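Structure first, then comments.
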Amino acid sequence: MEVLVPSVSRAVVRPVRRMSLTVLAGCALLTPFALSPPAPVAAAGAYTVTALKVTVRAGDRDCVLDTDLYRPSGADAAHPAPAVLTTNGFGGSKSDASTAGPAKALAARGYVTLAYSGLGFGRSGCPISLDDPAIDGRAASGLVDLLAGTRTADNGTRLDYVTRDGAGDPRVGMIGASYGGAVQLATAAVDRRVDALVPLITWNDLSYSLAPNAAGRGGALPGAYKWQWTNGFFLIGEAQGLLHPDLDPSRTGGAGCLHFAARACDAKRLLDSGSYPAGRTRAVLRYTRGVSPVSYLAAVKAPTLLVQGQADTLFNLNEAAASYRALRSRGTPARMIWQAWGHSGGMRKPAEGELDLARGNLDTSYVGRRILAWFDRYLHHRTAAATGPAFAYHRDWAADGSAYGTARSFPAGAVRRLYLSGDGRLVDRRREVVPGSRTYRNLRTPTSHSESSLAPLLGLPDVPPYDARGTFADWTSPPVTGGPLEVVGAPAVTLRAVAPAAARQQGSPDAADRLVLFAKLYDVAPDGRKTLVHRLVAPARVADVTRRFTVELPGIVHRFAPGHRLRLVIAASDDAYTGNRGVQPVTVVAGRGNTGFLELPVVRGALP
C-alpha cells in the first residue's frame with residue numbers, strides 16, 4: 001500500500017511498460033491519451049492506493065480482476081464515503097493515465113475509488129467479451145459487492161467505509177471512456193445498486209459502429225465494413241500476449257481468436273469475408289446488438305451523463321444521441337454533452353479548457369465540473385446541486401469562457417431543408433429545382449478518401465479528403481449571407497437513386513449485393529478550399545433502390561461562415577470502408593414535383 005498526497009512534485013501512477021510501435025499505435029486507438037505521462041491533480045485530500053485481486057463470476061466462469069483501491073484519508077466505518085468504479089478503454093489497464101487520472105482526482109475529493117483492468121486486459125483474466133452485460137457487467141457487479149462489504153478481495157480485505165443506502169447496497173457511481181463507457185451501462189443493466197453513470201465517447205450499437213448503415217439503422221442489413229477501426233480493435237486484443245507474456249490462462253479465447261470470446265471472433269470473420277448470407281448475418285447482428293446498450297437500455301435506471309466527442313469517426317455523436325433518447329423515453333434522468341475530442345486525431349491532447357482524463361482536471365474544465373456536479377447530486381444526494389442543461393455542445397469558434405452552447409432539450413434548433421436540383425445546386429425552395437440528373441459509378445477500387453484512421457496514431461500525415469471524378473455526385477449551395485449558419489445535430493439526405501444493376505440483384509440472399517453509397521457534407525470557403533467536418537461520412541447499404549430512402553449523416557457542431565457554401569456529396573466508395581462488391585452505376589434524378597432534399601438542424605442563421 002502507498003500513501004499519496006496530490007502535489008506538483010510527485011507522479012503517482014505506475015509507469016507503462018515498453019511496447020513495440022505497432023502495439024503502441026493500436027493501444028492508442030481506443031484509449032485516448034492512455035499512454036501520455038500522468039499529471040498530478042491539484043486537490044486538498046490525501047489518499048492511499050492498495051492493489052487488490054478480486055475473483056468474480058462472469059458468465060460461465062470465474063475471472064480474476066486486477067484492481068487499485070483509492071481510499072481517501074479519513075474514510076472509515078464511522079465516516080463512510082461514496083464510491084466510484086472506473087476501468088480502462090480498449091487495450092488499456094487500471095494504470096493508464098486516462099483511468100488513473102480520474103481515479104486520483106476523485107479520491108482526492110473524498111470518493112472511495114476502485115479502478116480495475118477490464119476482463120482480458122492488463123493483469124485481469126478471461127477473454128475479451130465486448131462489454132457483454134452477462135459477462136463484463138456481471139464482473140463489475142462483483143466489484144460492487146466488494147464496495148458493499150458483502151465480498152472480500154482474494155487476500156481477505158473487506159471494505160466497511162463506503163456509504164450504504166441499505167444492506168449490501170453501496171452508494172456507487174461509475175466513470176470511464178470508450179470501452180470503459182459501455183461497461184457502465186452494461187453494469188447498471190444487471191445491477192440496480194449503481195447510482196450514477198458518466199460514460200464518455202462510447203457506443204450505442206456495435207453493429208452501427210463497425211459496419212454502419214446510415215440508411216437503415218437497426219435493420220437486417222449490415223452497412224459498410226469500417227475495416228481500419230475494426231482491425232485496430234483486433235490488433236490490440238490479439239496483441240495482449242505480447243504485452244503480457246505471462247497471461248492468466250483464462251484469457252484464451254475461441255473460434256480461432258487468441259483473446260476474444262468465440263462469438264466476437266465469428267463476427268470479425270463475417271465482416272472480413274465480404275459476403276453477408278442472410279442466416280449468418282442475422283446471427284452476427286443479434287450478437288453485436290445484444291452486447292450493445294441499444295438492446296438493454298430499458299433496464300438502465302441509473303442517472304446518466306453522456307459525454308461524446310465531435311472528433312470521432314469510431315463512435316460518432318449519433319451513438320450518444322440514440323442512447324440519450326432511449327434513456328429519456330423511459331424516464332431515466334439523463335443529460336448529454338458533445339465535447340470537442342473523441343477517438344479521432346491520434347494522440348492529440350484536448351484543447352485548453354477541455355476535460356483531460358490524464359490530468360484529471362475535473363474542477364477546471366466545463367465537462368469536469370458537470371461530472372463533479374453529477375456525482376454531487378446522485379452520490380452525495382445534495383438535491384440543490386445543479387446538474388446542468390439537458391444538452392451542451394462545444395463550439396470551436398466561440399471565445400474562451402463561452403465555448404459551450406446549451407439547450408433545454410435535444411435536438412436543438414429547427415430543421416431547415418435544401419433541395420437537390422438537377423443542375424447541381426442546393427436550393428431552399430422547391431420551385432427553384434431544375435429538372436435533370438446527376439450520374440456516377442464506382443470502380444473496382446476505392447476512389448474516395450475521408451480519413452486514414454491509423455495515420456495520426458503512427459505520427460504520419462493524412463492526405464486531405466478527395467473524390468475521383470466520375471465516381472460521385474454533388475450539389476452546392478449559394479454562399480451563406482446575413483451572418484453565420486450554425487448547424488448542431490445530424491443532417492439527413494432523402495433521395496431516390498436509379499441503379500439498375502443493384503435493382504436486379506435485390507433478390508440475392510447475400511446482402512453484399514445491395515447498393516452501397518457514402519454521403520458527406522463539405523464546407524467550401526470562398527477561395528475554394530473544402531473542409532469535410534471531422535472527416536465524417538455516412539455509409540449506407542440501400543435495402544430497396546426502387547424506393548426513396550433517407551441517409552442520416554453523423555452529427556456535427558459546425559459554423560458555416562458568411563461567404564461559405566454547403567456541398568453535399570454522394571460518393572461511390574471510401575477507402576476507410578468496404579463498399580460495393582460490383583460496379584454499380586447510379587443516377588439521382590431531380591424534378592420539381594419529386595426531388596431529393598437535405599435537412600439541416602439549424603440553431604442560428606438562415607439557409608443560403
**Message:** The conditions are (1) over 19 Å from T113 (Cβ atoms); (2) in contact with a strand residue (DSSP E or B) (Cβ under 9 Å, 6 or more places away or on another chain), and S209 fails exactly one of them. Which is it?
**Reply:** (2)
**Asked** Just for the stretch 588-608: of the residues that are of a type in the set (V, I, T) and closer than 11 Å to L495 by Cβ, which one is surrounded by the fewest Cβ atoms within 10 Å (Cβ to Cβ)?
**Response** V589
**Request:** Identify the residue in the stretch 543-574 that is surrounded by fewer than 17 Cβ atoms within 10 Å (Cβ to Cβ) and in contact with a strand residue (DSSP E or B) (Cβ under 8 Å, 6 or more places away or on another chain) and, among all such residues, is modelled with the highest pLDDT.
**Result:** T550
**Every pair of residues 6+ apart whose Cβ atoms lie under 8 Å, when the first sits in the stretch 257-283 and is on the phi > 0 side of the Ramachandran plot while the second is among the small types (G, A, S) and in a helix (DSSP H, G or I)** = G274/A512
**Message:** For the structure I just gave you, tell me whether S453 is modelled with pLDDT under 95 and in contact with a Phe, Trp or Tyr (Cβ under 8 Å, 6 or more places away or on another chain).
**Reply:** yes
**Search result, residues across the stretch 222-239 that are modelled with pLDDT of 90 or more and outside any helix (DSSP H, G or I)** = P222, G223, A224, Y225, K226
**Request:** Find all pairs meeting these conditions: Cβ atoms under 6 angstrom apart; at least six residues apart or on different chains; first residue within the stretch 580-592 and on the phi < 0 side of the Ramachandran plot; second residue among the hydrophobic types (A, V, I, L, M, F, W, C) and not in a strand (DSSP E or B).
**Result:** R581/A512; Q584/A499; Q584/A501; Q584/A502; Q584/L515; V586/A499; A590/V433; R592/V433
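Restricting to the stretch 331-341, name every residue that is touching a Lys or Arg at 6+ places or on another chain (Cβ under 8 Å) and either over 14 Å from T387 (Cβ atoms) or among the hydrophobic types (A, V, I, L, M, F, W, C) (or both).
As a first pass, look at the stretch 331-341 and keep what is touching a Lys or Arg at 6+ places or on another chain (Cβ under 8 Å): 332, 334-335, 337, 341.
Within the stretch 331-341, A334, I337, W341 qualify.
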**Prompt:** Restricting the first residue to the stretch 492-517 and requiring it to be closer than 18 Å to T578 by Cα, which pairs with a second residue that is of a type in the set (K, R) and assigned to a helix (DSSP H, G or I) meet a Cβ separation below 6 Å and a spacing of at least six or different chains?
**Reply:** none
**Prompt:** Which numbered condition trips up V480, out of (1) within 25 Å of F560 (Cβ to Cβ); (2) surrounded by fewer than 17 Cβ atoms within 10 Å (Cβ to Cβ)?
**Reply:** (2)
**Asked** Where in the stretch 382-443 are there strands (runs of 3 or more DSSP E), lying fully within it, with 2 or more residues that are loosely packed, with under 14 Cβ neighbours inside 10 Å and touching a residue at least 24 places away in the same chain (Cβ under 8 Å)?
**Response** 414-420, 436-440
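Here's the yes/no breakdown for (1) under 30 Å from A262 (Cα atoms); (2) crowded, with 24+ Cβ neighbours inside 10 Å; (3) in contact with a Pro (Cβ under 9 Å, 6 or more places away or on another chain):
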{"site": "A83", "(1), (2), (3)": "no, yes, yes"}
{"site": "G89", "(1), (2), (3)": "yes, yes, yes"}
{"site": "S95", "(1), (2), (3)": "yes, no, yes"}
{"site": "A148", "(1), (2), (3)": "no, no, yes"}
{"site": "A167", "(1), (2), (3)": "no, no, no"}
{"site": "T187", "(1), (2), (3)": "yes, yes, yes"}
**Request:** Check L242 against each of (1) outside any loop (DSSP other than H, G, I, E, B); (2) modelled with pLDDT of 85 or more and name the one condition it does not meet.
**Result:** (2)
**Prompt:** Q308 is checked against (1) outside the structural domain of A58 (by TED's automatic domain parsing); (2) under 22 Å from P133 (Cβ atoms) and fails just one. What number does that condition carry?
**Reply:** (1)
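If you go through the stretch 349-360 one residue at a time, do you hit one that is aliphatic (A, V, I, L, M), surrounded by fewer than 20 Cβ atoms within 10 Å (Cβ to Cβ) and part of a loop (DSSP other than H, G, I, E, B)?
Narrowing the stretch 349-360 to residues aliphatic (A, V, I, L, M): 351, 355, 357-358.
From the residues that got through so far, the ones that are surrounded by fewer than 20 Cβ atoms within 10 Å (Cβ to Cβ) too are 351.
Still in the running and part of a loop (DSSP other than H, G, I, E, B): 351.
Yes: the stretch 349-360 contains one or more residues that are aliphatic (A, V, I, L, M), surrounded by fewer than 20 Cβ atoms within 10 Å (Cβ to Cβ) and part of a loop (DSSP other than H, G, I, E, B).
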**Asked** Across the stretch 74-112, what is the total count of residues that are hydroxyl-bearing (S, T, Y) and free of Cβ contacts under 8 Å to residues at least 60 places away in the same chain?
**Response** 1
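The values are calculated or read from the model by the stated rules, or taken from the named source; none is laboratory data. Note that the coordinates shown come from a computational prediction; the quantities given were computed from them, not determined experimentally. Glycine also receives a Cβ, built like all others from the backbone with ideal geometry; neighbour counts cover every protein chain displayed.
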